[in-house]
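Report on one structure; see the data block that follows.
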Amino acid sequence: MAKVVITGGRRLHGRVRVGGRKNSVVAVIPATLLAEGASHIENLPAIGDVSVYADILKSMGLSVRQDRDSMSIDPTGLVAGITPPRELAQRLRASYYLLGVLLARFGEAEVALPGGCDIGLRPIDQHIKGFRALGAEATIEHGVVRVSAPHGLTGAQVYLDVVSVGATINIMLAATLADGTTTIENAAKEPHIVDLADYLNSCGAKIQGAGTDVIRIRGVKSLSGCVHAVIPDEIEAATFMIAAAATRGDVLIDNVIPKHLDPITAKLVEAGAEVTQNGDSIRVTMSRPRPRAVNVKTLPYPGFPTDAQQPMSVLLSVAEGTSFVTESIWEGRFKHVDELKRMGTNIRVEGRMAIIEGVPKLMGAPVRATDLRAGAALIIAGLMAEGQTEISGIEHVDRGYERLSDKFRALGAKIARMQG
Ligand code: EPZ
């Protein structure tokens with residue numbers, strides 16, 4: 001098990017560059033299998049989920065060539081009946097996008113129920129609803145999802161019962177090669193859905209409305225491969241923005257799309273930070289001794305992103321006053337609270353809400369990362385705490401952040417990674 005050891009109390013300062021967006025990459029990589037020819041994907045982050053997906057495609061017999069921050073995928077060798085290995089599919093949530101892709105290409109797919117962060121129940125009923133609307137049969141038996149459409153897929157109207165990023169993407173993937181037009185209503189509007197639609201349209205798909213709550217996909221006969229650069233990761237950017245405020249530092253974050261960070265910027269300014277945007281960079285400073293208490297409610301985009309809730313809760317743990325943080329997306333996304341209590345926080349969780357009584361400062365302690373964003377939150381806590389913090393379970397963080405410790409060290413943090 002890898003761990004990091006942090007000596008806190010140092011202000012972050014300098015500049016850092018954000019990589020490609022994890023949650024876009026893990027959709028674009030499987031989407032390349034829809035095309036008849038090779039695609040070249042750029043601005044890839046060197047994170048665990050990307051290497052697992054590369055292993056999945058190689059295990060399916062595909063040619064995958066990786067350079068430093070790009071990947072070429074040639075789906076020519078793809079044939080019907082290939083199933084991704086269960087042990088790989090279970091290592092990340094996004095393996096289930098292979099259902100939509102293989103169903104679209106071959107009229108059948110079989111993928112083990114996905115893994116991913118333990119942040120609550122992670123149902124896929126809306127994915128199944130969409131596949132069935134397109135004419136597929138779907139079953140879940142012994143932990144494996146099987147979908148089949150022996151007569152092909154036919155465009156349909158799908159109204160999502162809940163705003164779901166995964167279901168929106170999976171249905172969009174399946175519908176791209178269907179016969180006729182599919183409309184997804186109550187669709188998720190996250191920027192990575194727009195990014196995926198941009199990639200697919202560059203390959204010859206006919207998708208309109210991505211980024212709104214109604215997406216229209218006119219099925220086409222085939223797609224050709226193409227080149228695509230993935231958009232920046234707004235959650236990585238948010239992590240650095242919050243860390244800058246939490247350590248009362250001064251950090252310039254490059255390679256961002258400021259619009260995607262509006263909910264983070266608004267909350268940090270409300271908490272007393274200074275945030276300035278300049279082209280594709282954003283600068284965060286905090287001169288107040290302690291942040292103001294603010295209330296946060298996680299919502300689908302463009303609301304405050306659930307993936308930044310845990311890091312934001314750490315900043316609010318030392319605010320002047322009481323903050324109320326409502327987690328409306330994942331009922332299990334408060335596991336970091338028990339770990340933070342070891343560092344002197346005063347947080348009470350009642351159902352979907354964390355009531356955070358700000359304390360003057362955190363104290364370093366040994367803690368354990370329980371999931372990807374909880375790990376990032378604990379690193380921020382260690383950076384701002386007095387004394388030494390040791391965080392185990394850093395493998396969780398490696399899934400979604402490229403060299404996070406190195407990037408924080410380059411900003412002045414005293415942080416070392418070691419095998420524990
Ligand atoms: C994606 O998960 C992200 N993961 C998550 O990021 C992110 O937290 C989430 O979207 C919300 O933005 C990837 O993109 C790989 P959802 P996903 O389907 O697609 C309910 C991270 O830290 N729901 O939008 O699984 C569900 O229970 C990860 O990078 C159903 O009820 O999320 C939840 O309450 C963690 N039925 C809500 O919808 C379904 O069929 C949103 O889930 C699907 C979802």
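Since every read-out is calculated from the coordinates, none of them should be taken as a lab result. Keep in mind that this is a model prediction, so the values were computed, not measured. Because the Cβ atoms are built from the backbone with ideal geometry, glycine has one as well, and the counts that use them run over all protein chains shown.
Key figures for this structure:
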{"quantity": "Under Karplus coefficients 6.51, -1.76 and 1.60, residue-wise ³J(HN,Hα) of region 178-187 in Hz, glycine/proline x", "calculated": "6, 8, x, 9, 10, 10, 9, 9, 6, 6"}
{"quantity": "Selection from Q277, M312, L261 lying farthest towards where the dipole of region 257-332 points positive, charges on Cβ", "calculated": "Q277"}
{"quantity": "From phi via Karplus (6.51, -1.76, 1.60), per-residue ³J(HN,Hα) for region 344-358 in Hz, x at Gly/Pro", "calculated": "x, 6, 10, 10, 10, 9, 10, x, 8, 10, 10, 9, 10, 8, x"}
{"quantity": "Residue order, fewest to most beta carbons within 10 Å, for E234, E386", "calculated": "E386, E234"}
{"quantity": "Burial ordering of S405, S328, S24, fewest other beta-carbon atoms within 10 Å first", "calculated": "S328, S405, S24"}
{"quantity": "Residues H40, H127, H228, sorted so that the one with the fewest Cβ neighbours within 10 Å comes first", "calculated": "H40, H228, H127"}
{"quantity": "Percent of beta bridges antiparallel (DSSP, the chain, rounded to nearest 5)", "calculated": "70"}
{"quantity": "Other-chain or far-sequence residues with amide H under 5 Å of T181's (modelled H)", "calculated": "G155, G219"}
{"quantity": "Under Karplus coefficients 6.51, -1.76 and 1.60, residue-wise ³J(HN,Hα) of region 67-83 in Hz, glycine/proline x", "calculated": "10, 4, 10, 8, 8, 10, 10, 10, x, 3, x, 6, 10, 5, x, 7, 10"}
{"quantity": "Theoretical ellipticity at 222 nm over the chain - DSSP helices of four or more residues, -39500 (n - 2.57) apiece, nearest 500", "calculated": "-8500 deg cm²/dmol"}
{"quantity": "Lys/Arg +1, Asp/Glu -1 at C-beta; region 206-308 dipole; positive extreme among A237, S222, M286", "calculated": "S222"}
{"quantity": "Taking the chain and dividing mean pair separation by its residue count, relative contact order in percent (alpha carbons under 8 Å, at least six apart)", "calculated": "21"}
{"quantity": "Under 5 Å, built H, 5+ apart or other chain: amide partners of A187", "calculated": "V214, I215"}
{"quantity": "Relative packing of peptides 189-197, 96-104 - highest average C-beta neighbours within 10 Å first", "calculated": "96-104, 189-197"}
{"quantity": "Among Q66, A354, I82 the positive-end extreme of the charge dipole of the chain (Cβ point charges)", "calculated": "A354"}
{"quantity": "Distant-in-sequence amide H partners of R17 (H built 1.01 Å from N, under 5 Å)", "calculated": "D254"}
{"quantity": "Over 28 Å (Cα to Cα) - which of K335/K407; K129/K335; K335/K361 fall in this group", "calculated": "K129/K335"}
{"quantity": "Extended-chain gain in nm, criterion 0.36 nm per residue less alpha-carbon gap, S148 and I355", "calculated": "69.9 nm"}
